[in-house]
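Here the structure comes first, spelled out in structure tokens, and everything after it is commentary.
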């Protein structure tokens with residue numbers, strides 16, 4: 001596994017990464033989440049030894065620099081356009097392959113994997129962001145590394161590309177490797193990741209599985225749609241059960257489908273729809289990081305209030 005211990009990084013007076021510790025297991029896709037400015041990219045650079053300050057990162061018990069062929073241990077995507085713009089895509093990968101002791105045959109193989117075979121002899125300086133990301137992913141997997149560290153690899157990809165990336169990373173982890181990936185696409189992370197690490201202002205907020213994060217991070221409510229809604233509403237108010245009207249039904253807090261179904265039966269109202277509503281990864285993430293936002297948007301109400309105060 002990857003073992004991260006007490007990573008810290010300070011820029012002048014700002015502590016970008018604050019005594020951060022976590023682990024990344026093989027056979028899993030681990031999502032790395034945090035608001036803008038949380039320290040995700042800095043953490044990845046510290047893990048790889050591209051930046052330094054305090055703490056350590058061990059890959060199977062050793063720092064990355066102790067491996068004679070590091071590209072076969074860790075594949076990296078930190079910048080979408082980390083290539084010479086006038087060198088062809090194939091030649092760019094061949095340079096990396098030569099440096100890592102990797103055969104030219106593997107270059108053509110990875111170009112095919114990421115869908116760039118048809119443009120292998122084109123210069124990537126004019127590639128779209130999505131194509132540049134694919135080339136970066138090709139470079140990361142060139143040495144068939146045990147670990148992948150990818151910073152926002154879905155940026156610029158179209159829906160087909162995002163779907164391909166999701167399945168590719170899941171398959172890569174299923175072969176006994178570890179994938180550590182940051183993303184702001186929380187709906188994709190919910191589909192892709194097994195484990196989640198959340199940080200805010202450089203500090204660890206959570207390190208758990210996606211299922212645990214969702215089940216424990218937000219309250220489960222029950223949605224019910226009935227004939228004679230007003231009758232059920234009066235009963236809920238009488239029993240002091242909180243609810244709100246949504247989508248032609250009621251979202252009820254502090255109960256279960258069994259309990260609410262029985263209550264509706266006792267109230268003699270026919271139930272048309274009854275289901276548990278659990279918080280999404282996005283909802284849980286926003287709740288967990290509400291106090292760790294580096295940059296906050298201002299809504300119309302807040303703007304109006306500010307103008308009145310001014």
Of all residues making up region 60-69, the number that are without any contact (Cβ under 8 Å) to a residue 60 or more places away in the chain and in contact with a helix residue (DSSP H, G or I) (Cβ under 7 Å, 6 or more places away or on another chain): 1
Qualifying residue in region 173-183 (condition: farther than 20 Å from residue 89 by Cα, assigned to a loop (DSSP other than H, G, I, E, B) and touching a helix residue (DSSP H, G or I) at 6+ places or on another chain (Cβ under 9 Å)): yes
Region 149-163, subset in contact (Cβ under 8 Å) with a residue 24 or more places away in the chain and more than 14 Å from the chain's Cα centre (by Cα), residue surrounded by the fewest Cβ atoms within 10 Å (Cβ to Cβ): 158
Scope region 92-103; condition surrounded by fewer than 17 Cβ atoms within 10 Å (Cβ to Cβ) and out of contact with any helix residue (DSSP H, G or I) (no Cβ under 6 Å at 6 or more places or on another chain); matching residues: 95, 98, 99, 101, 103
Failed item in (1) assigned to a helix (DSSP H, G or I); (2) within 28 Å of residue 98 (Cβ to Cβ); (3) at pLDDT below 95, with residue 153 passing the rest: (1)
Members of region 218-247 that are at pLDDT 90 or above and part of a loop (DSSP other than H, G, I, E, B): 227, 239, 240, 241, 242
The lone exception for residue 187 - which of (1) at pLDDT 90 or above; (2) surrounded by fewer than 19 Cβ atoms within 10 Å (Cβ to Cβ); (3) more than 24 Å from residue 261 (Cα to Cα) it fails: (1)
Identity of the residue in region 64-78, surrounded by 13 or more Cβ atoms within 10 Å (Cβ to Cβ) and out of contact with any strand residue (DSSP E or B) (no Cβ under 7 Å at 6 or more places or on another chain), that ends up farthest from residue 179 (Cα to Cα): 67
Counted residues, region 20-54 - those being farther than 28 Å from residue 167 by Cβ and either exposed (fewer than 15 other Cβ atoms within 10 Å of the Cβ) or in contact with a helix residue (DSSP H, G or I) (Cβ under 7 Å, 6 or more places away or on another chain) (or both): 7
Condition broken by residue 57, with the remaining ones in (1) touching a helix residue (DSSP H, G or I) at 6+ places or on another chain (Cβ under 6 Å); (2) touching a residue at least 60 places away in the same chain (Cβ under 8 Å) satisfied: (2)
Evaluation of residue 143 against (1) within 26 Å of residue 7 (Cα to Cα); (2) at pLDDT 90 or above; (3) part of a loop (DSSP other than H, G, I, E, B) (one fails), failing number: (1)
Wholly within region 1-101, strands (runs of 3 or more DSSP E) carrying at least 1 residues that are within 30 Å of residue 120 (Cβ to Cβ), over 22 Å from the mean Cα position of the chain (by Cα) and modelled with pLDDT of 95 or more: none
From 258, 211, residue being under 19 Å from residue 288 (Cβ atoms) and part of a helix (DSSP H, G or I): 211
All positions within region 164-180 that are in contact (Cβ under 8 Å) with a residue 60 or more places away in the chain and either surrounded by fewer than 17 Cβ atoms within 10 Å (Cβ to Cβ) or within 19 Å of residue 286 (Cα to Cα) (or both): 170, 174, 176
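The values are calculated or read from the model by the stated rules, or taken from the named source; none is laboratory data. Keep in mind the model is a prediction, meaning the values are calculated, not measured. All Cβ positions, even for glycine, are placed from backbone atoms using ideal geometry, and neighbour counts span all protein chains on display.
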